[in-house]
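Just so it is clear, none of the values below were taken in a lab; they were calculated from the coordinates. Values in this document were obtained by computation on a predicted structure and should not be read as measured data. Cβ: placed from backbone, ideal geometry, glycine included. Neighbour counts: every protein chain shown.
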Amino acid sequence: MPDVTLADGVVDLGDVLVILSVTPRPPVAFARTRFRVRVESGGAPLALEGGRISFEMVMPMGDHRYTLVPGEDGWQEAEVVLPFCKSGNARWHAIVEGTVAGRPRVARFRLDLTRPGSAPSP
Ligand SMILES: [Cu+2]
């Protein structure tokens, strides 16, 4: 499963590629984070209809579902805020869903949230 914590991730679904890009990197818990999705075939962007992205982790952490809206350059995006799990587990899964060329598609990625204010003290 591609890790999008520090770089764009690509899932190859055979006939299409699903690319997920996160800003900023690494993503920080409780902070506004932009998730951008692009679907390509042969280097050309394809329309993703009904695009959405949801987030889950090992333990139930509430409902985190977002509708992807059109952004720049053929990307679709969502502004997301994710909590930091009290267990200390930073690992989340991002699930991108939608319809491409009439077929439902699902692509799964993983990411690790940075704990807010976790910069090392001097
Ligand atoms: Cu938790």
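Listing for the model above:
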quantity: Top of Arg36, Arg52, Arg25 by mean-square fluctuation, Gaussian network on the chain, Cα under 10 Å; calculated: Arg25
quantity: Computed over the range 9-112: relative contact order in percent, which uses C-alpha pairs under 8 Å that are six or more apart; calculated: 27 percent
quantity: Exposure proxy order (Cβ contacts within 10 Å, fewest to most) of Glu72, Glu56; calculated: Glu72, Glu56
quantity: Against the rule of thumb 2.2 N^0.38 Å, how large the Cα Rg of the chain comes out; calculated: 1.07
